[in-house]
Each structure stands twice: as C-alpha cells, then as structure tokens.
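The next block holds one structure in the form of structure tokens; read it before the comments.
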Amino acid sequence: MNLLRELVEIETVNPPGTHYEEFTSVMRDRFRELGFQVELVEIPDEFLDKNYIYSPRHRGNKRVILLARNDPEPRLHFNFHYDVVPAGNGWVTDPFKLKVVDDRAYGRGTSDMKGAIASLYLALSGQDFPVEVALVPDEESGGLGTRYLVEKLRVRPRNVILGEPSFPDLYVGHFGIVRGVVRVFGKQVHASMANEGVNAFLEASRFALELQRRYSSLEGSTVLGGYVEGSTSDGMVPGIFAFSFYRSVPPKGRGPDLDQEIVDETARELGIKHEFEIKSFVPGSMTSPSSSLTKTIEACIREMGWEPRKEVAKIRYDAVFYGDVDAVNFGPGEPGQAHVANEYVDLRNVKRVSQVYRCVMRSML
C-alpha cells in the first residue's frame, strides 16, 4: 500500500500532463531495485503538437515513457498507463491523498490505473520471469504514449497484458473512440441589441440536443459538451460557441466518416452554420477469446476462485496499437470506478490480481 500511496500523491493529471517526470523517476528506482534495466524515453514535442488532442496544453510538461526489462528477450509485455483524469467535483476527501476505509483505498487513479501498477510491482518482486514493462503517459488523451512506443520505438511484443479496471472480469477487446469539436457560428452584437444578433450558444444548444437524439440509437455512447468554448463577456451576444464531441465505437464499427455525415446533415436540416473538426480516432480492438494468453489468464483467475466473463470493454484502452498480437486486459479496479469522484480500489483485489499476474508468468514457463 505504501507504493500505491506514493503514486496517487504524484498528480499526473492529463490534461495537461503534470509531474510525469517525477512519477517515472520514482518507478525507475523501484524497478532497478528488482534488477530491471530501465530506460526513460521522452516523447518529442513535434509528435505531441500533431497528435495531442488538447494541444498546445502539453507545452512545458515533458512526456516520458518508462521501459523496463529483466531479459533481452521478454516473453510477456505489461502495458500500464500512469496518467489520470482531473479530479473533478464531489470528492469527500483530498483526491491526491490516499485514504483507506474498510480496505478500500480512495484517491484519483487508484482504480484507473495506479492500483494495477502496484499489483504488477508485487507480482514481479522476487520473480525472474523474462518480462518487459511499459509505463506510458497520455492514455487518457488517445493513447499517445503507447502509440509512440510502438510506432517510433518499434516495441513489438508477442503477448500483452494491460491493467485497466475490469475486476473480476477479463477484457478481450475494447471499443474505439472518435473525438472532435463542433463549432457553431452566429452573429455577435452588443447585448443591448440581442434581437439583431444570432446567439451561437442557443444555436449550439439546439444543435447538441438534436445530435444527442440521433446518436441515441447507435451502439456505444456519445457525449457532447465535455468541455465548451465560448464568449468571455456577458455584454455581447456570442458569435461563436464550441463543444466537444466524443463517441465510443464498437470494434469494426464505422468511424469518423459516419459522424461527419450525421453532424453535417443535422446542421443542414436545422439551418445551423457550423464546423466539425475531428481531433482523433482510435479504432476498437479484439483478441481471440480462445488465444493461448486468454486461456492462461482465465485459468489463473479460476485458480483464485472466480469465474471471469470474457467481455469487450466499452472503454477504449491501448491494446489496439499493438496490432495483431494477443493483448488481454485484467486489472484490480472495478469498471464503474474509472473517472468518478471518490474513486477507489479494493486493496484485497490489488493483492489478488498480483497473484494472477504471478500465476500467468509461472504458467508461461
């Protein structure tokens, strides 16, 4: 628990991506204590300028990938992200000070997914199974850390375990995500002459409500207005208003081309002037439920006394970047604890999952 406490108190909040260097320095020292060779790789600003969905907010915050190996030919690769979403509102305790009540550890990132990092560290203590560990930033902004790891560092593992909150089930695939921004244009005038203007905020509200209605029939979820941009003065009728667009896409489902069709058609029918910018698209991913890695993890979970379900996660995670390899997710957090106020992880599950990871390593020998 001491490790989890230390990790939660490092505020690796994304956006904009703070304290990444501090976090990776702590974990570099931890892995070296276990006999690992550790490399810290900084992601260049040029890559982030082009791909970070909240650009330019990353500027001034270094992005660091930790890559640790205890063997030149690892047989198993663990990918865990260390960035967390902002705390938000509604916390009873300080989100960045670990609080334990009835064996539940509360704090931002306990479930998603610093609890999994603690599980992995426990599993690796005293073990010499040939593994590779990647602790990556910016999963919460589209998976840029893992993307850079695979595309630029050319890391090509054969078997991958990820640790997103899934307990007690096993994820063999995940939905993808389309992210974008919808900008609505009106006519800016002085507030005293409102009838002569076109209020972009009201137009955007009308637009968003109709989009939400149309998207409600699609598989997955659509969230409009996670963040907004508009006027900075109440003395004018806003001439432009923008809101974010987020849609989860099932594996093999249609991506941004579908959204462009729906958004443009809706605007045309409502007579709304708009611009729709696609910020990123990460498709979904699937691993065979009968793959060797899936069966191995499933058997190890059963050894602990559970009967896991093999599911396709509604949340997106970084398996898709590894391409056509076995990539399975099992973590100690519960799915409903990701991104919520008063996020927690059951400390018993942190220990149980570490035993499953250790069992997988033994079984693969």
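The values are calculated or read from the model by the stated rules, or taken from the named source; none is laboratory data. Being a predicted model, the structure only gives us computed values, none of them experimental. Cβ: placed from backbone, ideal geometry, glycine included. Neighbour counts: every protein chain shown. Note: areas computed on protein heavy atoms with side chains; ligands, DNA, RNA excluded. Shrake-Rupley method; radii C 1.70, N 1.55, O 1.52, S 1.80 Å.
The number of residues in region 160-182 that are in a strand (DSSP E or B) and open to solvent by less than 30 Å² (accessible area, probe 1.4 Å) comes to 14.
Farther than 22 Å from Asp128 by Cα, open to solvent by 60 Å² or more (accessible area, probe 1.4 Å), in a helix (DSSP H, G or I) and not hydrophobic (A, V, I, L, M, F, W, C): is that true of Lys295 in this structure? Judged against the criteria, Lys295 is a match.
Reported count of residues in region 222-260, each being open to solvent by 60 Å² or more (accessible area, probe 1.4 Å) and touching a residue at least 60 places away in the same chain (Cβ under 8 Å), is 1. The residues listed here are Leu7, Leu3; of these, the one that is under 17 Å from Ser125 (Cα atoms) and surrounded by 13 or more Cβ atoms within 10 Å (Cβ to Cβ) is Leu3. Quick one: would you say Leu40 is at pLDDT 95 or above and either part of a helix (DSSP H, G or I) or out of contact with any helix residue (DSSP H, G or I) (no Cβ under 6 Å at 6 or more places or on another chain) (or both)? When the stated conditions are applied, Leu40 does not pass them.
Within region 89-113, the residues that satisfy the criterion of being assigned to a loop (DSSP other than H, G, I, E, B) and open to solvent by 60 Å² or more (accessible area, probe 1.4 Å) are Asn89, Val92, Asp94, Lys97, Asp102.
Condition first: part of a helix (DSSP H, G or I), farther than 22 Å from Gly226 by Cβ and either of a type in the set (Gly, Ala, Ser) or touching a Cys at 6+ places or on another chain (Cβ under 8 Å) (or both). Now tell me which residues in region 183-202 satisfy that. Across region 183-202, the qualifying residues are Ala191, Ser192, Ala194. List the pairs whose first member sits in region 51-71 and is at negative phi, whose second member is part of a loop (DSSP other than H, G, I, E, B) and of a type in the set (Phe, Trp, Tyr), and whose Cβ atoms are under 6 Å apart, counting only residues at least 6 apart or on separate chains? Close Cβ pairs satisfying both conditions: His58/Tyr52; Ala68/Phe36; Asn70/Phe36. Here the condition is being open to solvent by 60 Å² or more (accessible area, probe 1.4 Å), of a type outside the set (Lys, Arg) and modelled with pLDDT of 95 or more; of Pro137, Pro86, it holds for Pro86 alone.
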